[in-house]
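Contents: one structure, followed by commentary.
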Amino acid sequence: EDQVTQSPEALRLQEGESSSLNCSYTVSGLRGLFWYRQDPGKGPEFLFTLYSAGEEKEKERLKATLTKKESFLHITAPKPEDSATYLCAVHKSFQKLVFGTGTRLLVSP
Amino acid sequence: GAGVSQSPSNKVTEKGKDVELRCDPISGHTALYWYRQSLGQGLEFLIYFQGNSAPDKSGLPSDRFSAERTGGSVSTLTIQRTQQEDSAVYLCASSTDPAGSPLHFGNGTRLTVT
């Protein structure tokens, strides 16, 4: 059965305190892994797509990496505006994305 | 440019009534998707459209749920005889093609069945 598991469920950081979010997956026929950010009352906002093990993508304070079984979203020196729920999803056929339940990140000033 | 637009943003209905949720995708996006997000749950795939046809309806939870897309643009998700377990946020997304391009989501319709 296809599964995407994100950990931790919730994470509280002080401003400037770097950390990583984990997404592990068991999916047959993986065609890509996506990271999204979701703010309360909003739809998910696309961050990154990773296609193959060893690939890395960066955007501002965020860096996503991919191995054959998991992906990490590294947050360097986070700011309060980085507070959100971060969602991981894996891409199968017909662009059917299988989502994890997300990590709720709170960054305190 | 304009993003994915969904209406209404909130809908409260009585159990047993029918509801229609609308999605207006990004212009030029041929692929359109409906997902459902319940409290504490991940996003649940409902249906995918390529143009006006739906090659994957596997996620529709029951025959009370149906969706259509017309003119390769606007889509409507209809829920008949709503039940309390249908309460959730219904999200629509579109993309340029199904071959790996990212999905762009609207802000959803929050459906509450009383």
> Chains B and A: buried accessible surface, both sides, probe 1.4 Å, rounded to 100 Å²?
Replying inline: 1600 Å²
> Going down the list A:96/B:57; A:42/B:57; A:42/B:17; A:59/A:92; A:68/A:92, which pairs span over 22 Å between their C-alpha atoms?
Replying inline: A:42/B:57; A:42/B:17; A:59/A:92
> What is the pair-distance distribution P(r) of region B:5-99, computed from all Cα-Cα distances in 10 Å bins starting at 0, with each bin given as a whole percent?
Replying inline: 16, 52, 28, 4
> When chain A is treated as a GNM, springs tying every alpha-carbon pair under 10 Å, which of A:18, A:71, A:28 comes out with the largest mean-square fluctuation?
Replying inline: A:28
> Residue-wise, which Karplus ³J(HN,Hα) couplings in Hz belong to region A:42-51, taking 6.51 cos²θ - 1.76 cosθ + 1.60, θ = phi - 60°, and x for glycine or proline?
Replying inline: 10, x, x, 10, 5, 10, 9, 10, 10, 10
> Mind checking which of A:85, A:65, A:26 has the largest fluctuation in a GNM of chain A, springs on alpha carbons under 10 Å?
Replying inline: A:26
> What is the Cα centroid distance between region A:52-97 and region B:1-33, reported in whole angstrom?
Replying inline: 27 Å
> Over chain A, what is the relative contact order in whole percent, taking alpha-carbon pairs under 8 Å and six or more residues apart?
Replying inline: 37 percent
>> Per residue of region A:27-35, what does 6.51 cos²θ - 1.76 cosθ + 1.60 with θ = phi - 60° give for ³J(HN,Hα)? Whole Hz please, x for Gly and Pro, Karplus curve as stated.
In response: 9, 7, x, 4, 10, x, 10, 10, 10
> Which value, in Å², gives the accessible area per residue of the protein assembly as shown when a 1.4 Å probe is used on the protein heavy atoms?
Replying inline: 48 Å²
> Mind ordering A:44-50, A:34-40, A:1-7 by average Cβ neighbours within 10 Å, highest first?
Replying inline: A:44-50, A:34-40, A:1-7
>> Just to confirm a number: summing +1 for Lys and Arg and -1 for Asp and Glu over residues other than residue A:5 whose beta-carbon lies under 14 angstrom from that of residue A:5, what do you get?
In response: -3
> How large is the convex hull of the Cα atoms of the protein assembly as shown per residue, expressed in Å³ as a whole number?
Replying inline: 122 Å³
> Relative contact order, percent, of chain B when contacts are C-alpha pairs under 8 Å separated by at least 6 residues?
Replying inline: 37 percent
>> In region A:26-51, what residues drop by 50 Å² or more of accessible area when the other protein chains are put back, versus the chain on its own? Use 1.4 Å, and skip ligands and nucleic acids.
In response: A:44
> Under a Cβ-Cβ cut-off of 14 Å, what is the net charge of the residues other than residue B:86 that fall near it, where Lys and Arg count +1 and Asp and Glu count -1?
Replying inline: +1
>> Let me understand region A:28-109 better: what is its radius of gyration from the alpha carbons, and its Dmax, in angstrom?
In response: 12.9, 42
>> Taking the full set of protein chains and a 1.4 angstrom probe, give the accessible area of residue A:98 in square angstrom, rounded to the nearest 10.
In response: 30 Å²
> Using a 1.4 Å probe on the protein chains only, how many percent of the accessible area of the protein assembly as shown belongs to carbon and sulfur?
Replying inline: 46 percent
>> With θ taken as phi - 60° and the coefficients 6.51, -1.76 and 1.60, list the Karplus ³J(HN,Hα) couplings across region B:54-67 in order, rounded to whole Hz; mark glycine and proline as x.
In response: 10, x, 9, 10, 5, x, 4, x, 7, 6, 6, 9, 8, 8
> Scaled to the compact-protein estimate 2.2 N^0.38 Å, what is the alpha-carbon radius of gyration of region A:7-51, rounded to two decimal places?
Replying inline: 1.42
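The values are calculated or read from the model by the stated rules, or taken from the named source; none is laboratory data. Quick caveat: nothing in here was measured; it's all calculated off a predicted structure. Neighbour counts run over all protein chains shown; Cβ positions are idealised from the backbone, glycine included. Surface areas here come from the heavy atoms of the whole protein model, side chains and all, with no ligands, DNA or RNA. Shrake-Rupley method; radii C 1.70, N 1.55, O 1.52, S 1.80 Å.
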